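Notes for the one structure printed next.
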Amino acid sequence: MRFVIFAAVCVLALCSFAAAETITDTDCGFTLELPEGFTQWPTSGNVLYTFSTSDPADGTPAAAVSITDLGGQISREAMPLPRNSPPGAHFVPVKWRHWDLQMLAQQNVAFGHTVVTRAVQVPLRNHAIQIILLTPGDQEATADATMAKFLAGLDGAASWATPEQEASDRQGAYVVIGVMCAVPVVFFFVWKLFRWRWPRRPVPDSKKSRQNGALKIAIVTVLLAFFLIYLGSFVAILLGYGQPFLDDDDMRRRVELLSSGAMKMSLWIGALTYGVARLIYRVRRGPVPTLPPQLPPLPPLSPS
């Protein structure tokens, strides 16, 4: 019986020793399963975490990794090489979940020793992070594999859309583009039908008629401007020319801001159109015609 209890305790101890350490960061929004052989060490400054294969105080470790908070989100545009990059620096494509990332690969010489550097930026939703790997020159063959282990153990919500989301957004954008093209055509035919059914009556030229004409032009301009600005911006986001919608709450918030901004811009455009239309009426038609003075009525004739 004692032997069974002792064996069970040994198994539990081995399992807890073999279990991978998990790092959880709620600010940046990620979890990291630390690869085997790495130990966490104290950090300072804007470095969130530091890991190495041995205590740096005992000598140069075989590999050291640091994770830095970039303080915001990153775009999907290709990054140029840093200006102070040494000769031979280049980008290597790496995979993190659904996305292809750029990993900077370079060698530096410090105090007569060659240091191999690998650096990659990960597009997390809360805050993007940068993972930097440093190894001695004789360990360069294992640098890429070590970085791949860290990326494989990293999990968190991303600020980039997945390929499935991009395909769905493109389909939605095509539908909105079709609606944008169809609405003006339908409006034109409805307007022609309306004019055919109820022909326009001649209106005498007056100050009030000119104001009404300019006001009608301004109202139509406001509606068209809001239609084009709102749907055009929505299509641009769906096609990937901006930060994609992260979730339903983000989509609702940004749609409200987009509606408010489009309405303000449309009203400014409408006010400008109203002023220009009034000016054109005044230039093309001249001053407002005035009616001739009315003669006083003649007194009734008295019988002679």
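Quote the charge dipole size of the stretch 20-155 about the Cα centre in Debye, to the nearest 20; the model charges only the Cβ of Lys and Arg (+1) and of Asp and Glu (-1).
Roughly 480 debye for the stretch 20-155.
Once R0 is set to 30 Å, what does the formula 1/(1 + (r/R0)^6) return for the Cβ-Cβ distance between L215 and E166, expressed as a FRET efficiency to the nearest 0.05?
Step by step, r from the Cβ atoms, then E = 0.10.
Compute the signed sum of charges (Lys and Arg +1, Asp and Glu -1) over the other residues within less than 13 Å, Cβ to Cβ, of L124.
Surrounding charge for L124 is -2.
Explain nothing, just the number: relative contact order of the stretch 20-155, from Cα pairs under 8 Å at least 6 residues apart, as a whole percent.
The value is 25 percent.
Need one number: nm distance between label points at W191 and D27, each 7 Å from Cα along Cα→Cβ, rounded to one decimal.
Here the answer is 5.7 nm between the modelled labels.
When the distances between all Cα atoms of the stretch 163-285 are binned every 5 Å from zero, what whole-number percent does each bin get?
2, 10, 13, 15, 16, 14, 10, 8, 6, 4, 2, 1, 0
How much length, in nm to one decimal, is gained on full extension between A152 and L70, taken as 0.36 nm per residue of separation minus their Cα-Cα distance?
27.5 nm
When a footprinting reagent is the concern and you count Cβ atoms within 10 Å, what order do V283, V122, V222 take, fewest first?
Ranking V283, V122, V222 by Cβ neighbours within 10 Å, fewest first, gives V283, V222, V122.
In what order do F38, F187, F194, F227 fall by count of nearby beta-carbon atoms within 10 Å, going from fewest to most?
Fewest-to-most Cβ neighbours within 10 Å comes out as F194, F187, F227, F38.
Ranked by Cβ crowding within 10 angstrom, fewest neighbours first, how are D58, D155 ordered?
Fewest-to-most Cβ neighbours within 10 Å comes out as D58, D155.
What's log10 of I(q)/I(0) for the stretch 45-107 at q = 0.24, 0.30 Å⁻¹, Debye sum over Cα points only, no solvent?
Listed by q, the Debye log ratios stand at -1.23, -1.18.
May I ask for the Kirkwood hydrodynamic radius of the stretch 20-155, worked out over all distinct Cα pairs and given in angstroms to one decimal?
This gives a value of 15.5 Å.
Mind listing the long-range amide H neighbours of V115? Cut-off is under 5 Å, sequence gap 5 or more, other chains count too, H placed in the peptide plane at 1.01 Å from N.
For V115, the qualifying residues are N108, V109, A110.
Full-extension gain between D55 and W268, please, as 0.36 nm times their residue separation minus the C-alpha to C-alpha distance.
Difference between extended and current length: 70.2 nm.
What nm value, rounded to one decimal, do you get for the distance between R252 and R282 when each label is placed 7 Å out toward the C-beta?
Placing both labels 7 Å beyond Cα along the Cβ direction yields 4.9 nm.
How far is it, in nm, from the label point at A141 to the one at S206 when both lie 7 Å from their Cα along the line to the Cβ?
Output for this residue pair reads 9.7 nm.
Throughout, read-outs are computed from the coordinates displayed, never taken from laboratory work. Worth saying up front: this structure is predicted, and the values here are computed from it rather than measured. Here the Cβ is made from the backbone with ideal geometry for all residues, glycine too, and neighbour counts use every protein chain on show.
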